[in-house]
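What follows draws every value from the coordinates through simple rules; no lab data is involved. Remember, it's a predicted structure, so these values are computed and weren't measured experimentally. Because the Cβ atoms are built from the backbone with ideal geometry, glycine has one as well, and the counts that use them run over all protein chains shown.
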Amino acid sequence: MNMQAMLKQAQALQKDMLKAKKEIDESEFVGESSLVKVTLKGTKEVVSIKINAQSLDSDDIEALEDMLIVAINQANKKIDDTIESKMGKFGSIPGLF
């Protein structure tokens, strides 16, 4: 394979990787627990937090805090899984994402 063909192949790979990353960044991922629903962008930015307040009393504040952590971590895990499934085909490039 000549250098020009390899360069074209590398450019095509880079284009595909950037397209996949953009698709992930623009997607939304939802994590849920019994009282909380958290939505994050693929960039891991929190978009929304919904609390089912009608089933909440003052004693539930600590439990709500724990549920927020669970829901956010669940959404982050979905982002990581999506990144791995879409970007894994490109191999490991340290520091890329």
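Can you flag which of LYS37/LYS89; LYS37/LYS86; LYS8/LYS89; LYS8/LYS78; LYS8/LYS44 are past 29 Å Cα-Cα?
Checking Cα-Cα distances, LYS37/LYS89; LYS8/LYS78; LYS8/LYS44 exceed 29 Å.
Can you tell me the alpha carbon radius of gyration of the chain divided by the globular rule-of-thumb value 2.2 N^0.38 Å?
1.53
So how much slack lies between GLU26 and ASP57, counting 0.36 nm per residue of separation and subtracting their Cα-Cα distance, in nm?
So the chain would gain 7.6 nm between GLU26 and ASP57.
How high is the relative contact order of the chain, in percent, counting Cα pairs under 8 Å that sit 6 or more residues apart?
28 percent
Cα centroids of region 1-59 and region 70-89: how far apart, whole angstrom?
Computed from Cα coordinates, the inter-centre distance equals 7 Å.
Between helix 3-26 and the chain, what is the angle of the helix's C-alpha long axis to the longest principal axis, kept within 0 to 90° and rounded to the nearest 10?
Between the helix axis and the principal axis of the chain, the angle is about 10 degrees.
Under 17 Å between alpha carbons, and skipping anything fewer than 8 positions from LYS41 in its own chain: which aspartates and glutamates qualify?
Qualifying aspartates and glutamates at Cα under 17 Å: GLU23, ASP25, GLU26, GLU28, GLU32, ASP80, ASP81, GLU84.
Suppose every K and R has +1 on its Cβ and every D and E has -1 on its Cβ; what is the size of the dipole of region 3-88 about the Cα centre, in Debye to the nearest 20?
Roughly 900 debye for region 3-88.
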